[in-house]
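Have a look at the structure below before the remarks.
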Amino acid sequence: MEPIWTGYITKDQFFELDKFDDFTVWLGRWAPGTQIDLIIKKHEEKCSDAQRGYYFGVIVKLIAEHTGHEPEEIHDYLKWKFLREKDDAGLEIARSTESLTTGEREQYHEKCRRWAFVVLDLTIPLLNQVYIGE
């Protein structure tokens, strides 16, 4: 997997890399004249530790306890049910929960909670209603 480099736009509309020295060392692996692709997009926050802990420690755990399944089985099932998409080859693949942004993660959690309520008659508390220890 290729690294992702972060940075910001200055007031003069220049691009500043957060780790410029590391970036130049990494570029040194290619010969001069090598063509590269540079993709720039607005930064999106990935899921937080609290969201990750809530998902595995509350959502997955409560559903697993309620159904008698192992937590990993529930995690796999929820990913397949709600994060499945077709790739370029037409294969259905479940996205990794780690690839979700903070907003996408909350939408995923809402789908899981709603499914648990409707299908299992199980109420799962919201993130702000539980304590997630560190």
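Here the sum of -39500 (n - 2.57) over DSSP H runs of 4 or more residues, divided by the residues of the chain, equals -11500 deg cm²/dmol at 222 nm, to the nearest 500. Largest mean-square fluctuation among Lys11, Lys19, Lys42, in a Gaussian network model of the chain whose springs join Cα atoms under 10 Å apart, belongs to Lys11. Counting neighbouring beta carbons within 10 Å and listing from fewest to most, the residues Leu83, Leu38 come out as Leu38, Leu83. Kindly state, to the nearest 0.05, the FRET efficiency for Asp121 paired with Asp76, given R0 = 25 Å and r defined as their beta-carbon distance. Plugging the Cβ-Cβ distance into 1/(1 + (r/R0)^6) gives 0.65. Distance between the C-alpha centres of the range 57-134 and the range 1-51: 31 Å, rounded to the whole angstrom.
Ordered by the count of other Cβ atoms within 10 Å of each Cβ, fewest first, Ile9, Ile124, Ile39 give Ile39, Ile9, Ile124.
As a proxy for reagent exposure, ranking His43, His109, His66 by other Cβ atoms within 10 Å from fewest up yields His43, His66, His109. If only the Cβ of Lys and Arg carry +1 and only the Cβ of Asp and Glu carry -1, the dipole of the range 1-116 around its Cα centre is close to 360 debye. Model label sites at Trp30 and Phe14, defined 7 Å from Cα along the beta-carbon direction, differ in position by 2.3 nm. Among Gln51, Gln107, Gln35, the largest mean-square fluctuation in a Gaussian network model of the chain, built with springs joining Cα atoms closer than 10 Å, belongs to Gln35. Taking the square roots of five times each eigenvalue of the Cα gyration tensor of the range 13-134, the equivalent ellipsoid has semi-axes of 38, 19, 13 Å, listed largest first.
Read the figures in this text as sums done on the coordinates, not as results from a lab. All figures in this text were calculated on a predicted structure; none of them were measured in a lab. Reconstructed Cβ throughout: ideal geometry from the backbone, glycine too, with neighbour counts over all protein chains shown.
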